[in-house]
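The values are calculated or read from the model by the stated rules, or taken from the named source; none is laboratory data. The shown structure was predicted, so the numbers you read here are calculated from the model rather than taken from an experiment. Glycine gets a Cβ as well: all are built from the backbone with ideal geometry, and neighbour counts include every protein chain shown.
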């Protein structure tokens, strides 16, 4: 159990507090708006204070000296940054996270930090005393890039090492159709775990006897490099995403374009001689935005991309440029509802894969139903990212998946845990939870556990459970 | 205001007057004592006036309005030309004053069209002065003044902008005086190198110096009646070719060699185009003149010299291109329209302007295929100023309008069409030789006085790239 002070009770602040409270952390939420504070204190099981969060006096009053982390997520970038700097001056050992929406602040900080690597290592504090700056657009763009790297088939969660978690559909004609989960291992040499399944009736954590059918969606955990062969097993064809369109030349769109253009390998003669295929993504990159000025900027920044100044819902434009025949369309405009609708519309016109930036996971499940392949929930991405930074230092990481039905939780085993010394077979409880990965203390890498893996103190576990099922976590982490 | 303008103009004249020291020392060394006074008297006068104005204005703050800047530059060029014609007239080199003035304008504007039939009979100091005018006018007399006298302060850049060539004018150091100094230093260095090389290749010192002045300034005056052909030496041809080529390149690129910013050079679109044009033209003419010269290398020697002489707007000749095949003549004729690079000492339209138009053409075609596309013009791998196309198209209009007007005036005073048209091009673009009666083996002496006067105006207008002169014809310039 750790103590975390959150300054700013906006959507992100509240969402973050909820997650942390769910994990039994001691949370203090500070905001200066009376209504927001009243609202939050009615709904959240934590201290909510109506004060100015950027005063050290207030922070000391709520016990910042004993806290493990400070998260500043107010509407104002400057307050977030100053609050962190202020606290850093007095309590340097505290973990500080600030959300910064101004891209220049973010980029400048990144650049300074990387340009003066020697200065910002060791005893020196990071710039402004902020350990992690969270930029919502950068986080969203990163999530999109990860999805695209996996062929934009479905939502992807990456873990520290080379494990990744994907949501795949069992296609018609797949070898997996009608096979029980326990028999799956015989189909391939790749090590993977089926973590949950979704069919018409709903979603569940499968046991060894569960039978999978074509049309079901399955959450799969595997090594990064095994993903292509697993997709093949599922009957999913991985197509080269050559023709890619980014809708929206705003911040997210620009970061995306930059990442795609950077990924392009320079042309090498020897590649042709050796018959190597250039497998880079986004050979033909198209950027579409209705704003004239943004388009001009984009065109100047990315000479390799085609930029169109048009409305994506304009049918004649889509025909003109053949957008409907694209391999991938990423809807990343600032209008998050439009993204959803535009993705669904383009999908219906025949675009192979679509990725849509939406506001939250609630909208995400609607988008999934509309046929959007990959959904990036903006707010959850930010909260996820903050959580992942809090992990390691204090709490475990949590990812919400399958429209919020399941959570992937990471935790460390301490001596009071009830499962110490037991093997996976003994504690197994099919359908309730599933231990996906284990990292033994001292070991560098995660491993997929097998039946007789025994748990010891200091193990780092990754498990999947139904959202809100706190008993399992208590049992594992040994805390109450 | 009037005082400030007069002060700057007289200072410029004084600087030019100070350089009379060179012809005077040559006259003294060669025993041409009768020529010392025609140089010495104007030199002393200009220096006295210059010092007087300098001292008088020392306490006044020299603020120069944008409009006065145009007046200063345009006035300076005419006054300096007038000043430069004094020794030519008083020494008896040109018995008629209008001829002396024409010769002087042709010198300072680096045109290189001469009215003197027998240059070999002239005193050596006069010949040196003729070439020295090229050298001074090539890099610019205002630039020289700014480099040497720290009087102009902030207004300096405004003045130099009115004098330097090319659509995009910049300074690569924060202070314009430093930029000018560096450019003049590079220019000076190259002149020294060429003089030494020509001396080694067999010219005597004064001729070597004169021809280096003429080459680096891309002028075209020679101390010999048959120009470089007089020497009939492969090494001299080669040295001149190389330096004509170098003088046609933007001089700021040489600065980047010293500062080791090689990407500025390799990314320079104009340089690439210039090199491409030069080599294509040399290749084609070499092939067409194989028969005439009876061998690849002989043909290459003469055609490359001639191509470089015209593309850099120098106007030296080793062979009479009007005797070449029509195909080669056409190539030469096309070169009259191209000219060197912006920021070089060459005249003409400048390669970069054609490049911008070609890129605009490409964009227009793209716009027809992609009606919603956004396209910009990229030079040196960067997006250029947005309205650069407008500037360039205005330039083309004024260039061709002036060419046709000048052709008309020529024809009205009895010239044949080809002579008048090529003469007009050669004056507007500061080339030197033309076709037919103005071909490389003829000179301008036969032209009637009104044509000479008009040509003088046109040469200065061409050297200042029209806009600086055109403002005087705009009514709003004269309104308060």
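The residue that is nearest to the other protein chains (Cβ to nearest Cβ), among those in the stretch A:318-330 that are touching a residue at least 12 places away in the same chain (Cβ under 8 Å) and in a helix (DSSP H, G or I), is A:321. Can you find a residue that is buried (at least 19 other Cβ atoms within 10 Å of the Cβ) and within 14 Å of chain A (Cβ to nearest Cβ) anywhere in the stretch B:353-362? Checking the stretch B:353-362: at least one residue is buried (at least 19 other Cβ atoms within 10 Å of the Cβ) and within 14 Å of chain A (Cβ to nearest Cβ). The residue list B:39, B:83, B:53 contains one member that is touching a residue at least 12 places away in the same chain (Cβ under 8 Å), under 25 Å from residue B:453 (Cα atoms), more than 19 Å from the chain's Cα centre (by Cα) and buried (at least 19 other Cβ atoms within 10 Å of the Cβ), which is B:39. If you go through the stretch A:271-295 and pick out every residue that is more than 9 Å from chain B (Cβ to nearest Cβ), modelled with pLDDT of 85 or more and assigned to a helix (DSSP H, G or I), you end up with 2. Evaluating residue A:53 against the criteria (1) crowded, with 16+ Cβ neighbours inside 10 Å; (2) not in a loop (DSSP other than H, G, I, E, B) leaves one unmet condition, (2). Report the residue count in the stretch A:56-70 for those that are buried (at least 21 other Cβ atoms within 10 Å of the Cβ) and in a helix (DSSP H, G or I). Final tally of qualifying residues: 1.
Checked against the criterion of being in contact with a helix residue (DSSP H, G or I) (Cβ under 8 Å, 6 or more places away or on another chain), over 30 Å from residue B:226 (Cα atoms) and within 14 Å of chain A (Cβ to nearest Cβ), the stretch B:399-417 contains not a single residue that satisfies it. Can you find a residue that is assigned to a helix (DSSP H, G or I) and away from chain A (no Cβ under 14 Å) anywhere in the stretch B:337-344? Within the stretch B:337-344 (the criterion being assigned to a helix (DSSP H, G or I) and away from chain A (no Cβ under 14 Å)), the answer is yes, since at least one residue qualifies. Against the criterion of being in a helix (DSSP H, G or I) and either over 20 Å from residue B:111 (Cα atoms) or away from chain A (no Cβ under 14 Å) (or both), residue B:431 does not qualify. Count of the stretch A:152-178 residues, restricted to those that are within 20 Å of residue A:198 (Cβ to Cβ), part of a loop (DSSP other than H, G, I, E, B) and at pLDDT below 70, is 4.
Quick check, is residue A:350 surrounded by fewer than 23 Cβ atoms within 10 Å (Cβ to Cβ), within 14 Å of chain B (Cβ to nearest Cβ), touching a helix residue (DSSP H, G or I) at 6+ places or on another chain (Cβ under 7 Å) and in contact (Cβ under 8 Å) with a residue 12 or more places away in the chain? Answer is no for this residue.
Surrounded by 18 or more Cβ atoms within 10 Å (Cβ to Cβ), assigned to a strand (DSSP E or B) and in contact (Cβ under 8 Å) with a residue 24 or more places away in the chain - does that describe any residue in the stretch A:71-92? Yes, some residue in the stretch A:71-92 is surrounded by 18 or more Cβ atoms within 10 Å (Cβ to Cβ), assigned to a strand (DSSP E or B) and in contact (Cβ under 8 Å) with a residue 24 or more places away in the chain.
Would you mind stating whether residue B:269 is closer than 19 Å to residue B:339 by Cα, surrounded by fewer than 22 Cβ atoms within 10 Å (Cβ to Cβ), touching a helix residue (DSSP H, G or I) at 6+ places or on another chain (Cβ under 9 Å) and in contact (Cβ under 8 Å) with a residue 12 or more places away in the chain? Criteria met by residue B:269. Of the listed requirements (1) at positive phi; (2) buried (at least 17 other Cβ atoms within 10 Å of the Cβ), residue A:230 misses just one: (1). Would you check which residues across the stretch B:363-388 are assigned to a helix (DSSP H, G or I) and more than 25 Å from residue B:170 (Cα to Cα) and list them? Residues satisfying the conditions are B:363, B:364, B:365, B:366, B:367, B:368, B:369.
Counting only strands (runs of 3 or more DSSP E) that sit completely within the stretch A:375-480, those holding 3 or more residues that are at pLDDT 70 or above and on the phi < 0 side of the Ramachandran plot correspond to A:406-412, A:433-439, A:460-466.
Conditions tested, residue by residue: (1) within 29 Å of residue B:461 (Cβ to Cβ); (2) at pLDDT 95 or above; (3) out of contact with any helix residue (DSSP H, G or I) (no Cβ under 9 Å at 6 or more places or on another chain).
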{"residue": "B:24", "(1), (2), (3)": "no, no, no"}
{"residue": "B:32", "(1), (2), (3)": "no, no, no"}
{"residue": "B:51", "(1), (2), (3)": "no, no, no"}
{"residue": "B:55", "(1), (2), (3)": "no, no, yes"}
{"residue": "B:64", "(1), (2), (3)": "yes, no, no"}
{"residue": "B:70", "(1), (2), (3)": "yes, no, no"}
{"residue": "B:106", "(1), (2), (3)": "yes, no, no"}
{"residue": "B:109", "(1), (2), (3)": "yes, no, no"}
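In the stretch B:283-292, the residue that is surrounded by the most Cβ atoms within 10 Å (Cβ to Cβ) out of those that are in contact with a helix residue (DSSP H, G or I) (Cβ under 6 Å, 6 or more places away or on another chain) and under 19 Å from residue B:335 (Cβ atoms) is B:285.
For residue A:97, state whether it is in a helix (DSSP H, G or I) and at pLDDT 75 or above. The answer is no for residue A:97.
Checking each residue in the stretch B:293-319 for being surrounded by fewer than 22 Cβ atoms within 10 Å (Cβ to Cβ) and within 18 Å of residue B:426 (Cβ to Cβ) picks out only B:319. Can you tell me which of B:388, B:349 is surrounded by 19 or more Cβ atoms within 10 Å (Cβ to Cβ) and within 14 Å of chain A (Cβ to nearest Cβ)? Only one candidate qualifies: B:388. For the stretch A:296-312, a tally of residues being assigned to a loop (DSSP other than H, G, I, E, B) and within 7 Å of chain B (Cβ to nearest Cβ) returns 2.
Table: residues versus (1) over 21 Å from the mean Cα position of the chain (by Cα); (2) closer than 20 Å to residue B:340 by Cβ; (3) free of Cβ contacts under 8 Å to residues at least 40 places away in the same chain.
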position	(1), (2), (3)
B:173	yes, no, yes
B:189	no, yes, yes
B:193	no, yes, yes
B:199	yes, no, yes
B:215	no, yes, no
B:229	yes, no, no
B:234	yes, no, no
B:241	no, yes, no
B:250	no, yes, no
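Would you mind stating whether residue B:325 is in contact (Cβ under 8 Å) with a residue 60 or more places away in the chain, farther than 24 Å from residue B:351 by Cα and either touching a strand residue (DSSP E or B) at 6+ places or on another chain (Cβ under 7 Å) or surrounded by fewer than 23 Cβ atoms within 10 Å (Cβ to Cβ) (or both)? No; evaluated as a whole, the condition is false for this residue. Can you confirm whether residue B:337 is out of contact with any helix residue (DSSP H, G or I) (no Cβ under 6 Å at 6 or more places or on another chain), surrounded by fewer than 19 Cβ atoms within 10 Å (Cβ to Cβ) and in contact (Cβ under 8 Å) with a residue 12 or more places away in the chain? In short, yes.
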